[in-house]
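First comes the structure, then the notes that go with it.
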Amino acid sequence: MIENPYPKGKHYPRREVETKNIFSQTIFFAGTRLFQIFVGNKIKIQGEEVIIDILRENNIQIDYVQLIRNHIAQYNFIRFLLFFVKPRAVFFIYAASSMGFIKGLKKHKIPVIEIQHGVINKFHNAYNVNKEYGYKLFPDYLLTFGHQEKEVFIKGNYFIDTNNVFPVGYDFLDRTINTPTEYLVSGKGEQFDALVMFSLQEPFEEYMFSFIIEAASLDKKVLYVIVPRDTNKLYNQVSKIENIVIERNFSVYECLKKADVHATINSTCAIEAPCFGVPNILFDYKSWSSDYYGKVLNDSGITIYCNTAEDFVNKLRTHKFYSSEKIIKESRTFFERDFYSNVHMVLKNEILKADNEE
């Protein structure tokens, strides 16, 4: 386990980490930086004028030389490490930022496996490669949440062979679903007819809050629960509205266990909520929901779309969704169950099959 300390600002205490086979990714950052120094600032780029023209025509400013230096440094550093240890396989949570590492690992015929961490669809640039460039910089295998991701790679997408995409599920969801929760909606809930769990998205908060405030005013018997990504934000515009709760003590997933409906624009929670038996009503602001999810969340028994707060409230009152049990059953399209067993079987029967036979 190689832990990146930067998102949290520090490492997790060792007592909180299940595996003891762990060290810091800071070693990789420092090693890559050291090898960058050896690469030097002067790099000859064949066809550099094409890059310059593309950037100028699209008004893009990017230090492509530094990106190239980083790529070469990753490649050289990982090959240096492989003198000391040769793993049977290497997992990445996100492979697009580690193409130099990947190239070095594949040079030594070490299988590279990416584990899905967020939405994979036709709109995600990292997973849509519309021309065949070869596979030296891409993972050999992709372990996905569910089955629908395989369809992204069926035709005209050269990121990965669809036969090397295996649905395994999501460990965090498995644990959350199987863990009892004491969530009590901050002491509220019994006096309301329905509980709507609203997944915020920071870039869209301006549009989402005006929508939530209007919806809350149209039906006081509906309780809206919001779990902020930034717990330090005050959200004064909604904090005093009686049927809106800013929940700071429980996670989105703990709240989903008690929710009647989940709402968002296009958060990943839209494909996670059905695992809890909770249907979606998505706020289709500027078609951002339907463009993103329309082809995969297209069963009205699980997900419907609305354009206004009034439309949302009306559908919340009148629309007939599937039962919770059926929604959970259908959710396997998006999330397989039993993550650890599935990963073990894929490793044994597919990825490390040749090693096991030896």
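Mean separation of Cα pairs under 8 Å and 6 or more residues apart, divided by the residue count, gives segment 90-129 a relative contact order of 45 percent. Compared with the alpha-carbon gap, the fully stretched path from Leu218 to Lys20 is longer by 66.0 nm at 0.36 nm per residue. Taking trypsin sites (Lys or Arg not before Pro) across segment 255-358, the ones in a DSSP loop with at most 10 further Cβ atoms lying within 10 angstrom of their Cβ are Lys320. What residue among Asn21, Asn128, Asn249 has the largest mean-square fluctuation in a Gaussian network model of the chain, using Cα springs under 10 Å? Fluctuation is largest for Asn21.
Please tell me the relative contact order of the chain in percent, rounded to the nearest whole number, where contacts are Cα pairs under 8 Å and at least six residues apart.
With pairs under 8 Å counted, the relative contact order is 13 percent.
Estimated purely from DSSP H runs of n ≥ 4, each contributing -39500 (n - 2.57), the mean residue ellipticity at 222 nm for the chain is -9500 deg cm²/dmol once divided by its residues.
Taking 7 Å steps out from each Cα toward its Cβ at Tyr12 and Ala194 produces label points 3.6 nm apart. Sparsely packed loop sites in segment 263-358 (the chymotrypsin sites (Phe, Trp or Tyr not before Pro) outside DSSP H, G, I, E and B with at most 15 other Cβ atoms within 10 Å) do not occur.
The angle separating the long axis of helix 205-218 from the principal Cα axis of greatest extent in the chain is about 20 degrees. Highest mean first, the peptides 159-168, 131-140 sorted by other C-beta atoms within 10 Å per residue fall in the order 159-168, 131-140.
In sequence order, segment 119-130 has phi-based couplings of 5, 10, 8, 5, 9, 8, 4, 5, 10, 10, 10, 8 Hz under the Karplus curve 6.51 cos²θ - 1.76 cosθ + 1.60, θ = phi - 60°, and Gly or Pro positions carry x. Couplings 3J(HN,Hα) of segment 17-29, computed from phi: 9, 5, 8, 9, 8, 9, 8, 7, 6, 3, 4, 5, 4 Hz, in residue order, whole Hz [Karplus 6.51 cos²θ - 1.76 cosθ + 1.60, θ = phi - 60°; x for Gly and Pro].
Taken together, the values in this text are just the output of simple stated rules run on the coordinates, not laboratory data. Only a predicted model underlies this, so the values are computations on that prediction, with no experimental measurement involved. Cβ coordinates were reconstructed from backbone atoms using ideal geometry, including for glycine residues, and neighbour counts include every protein chain displayed.
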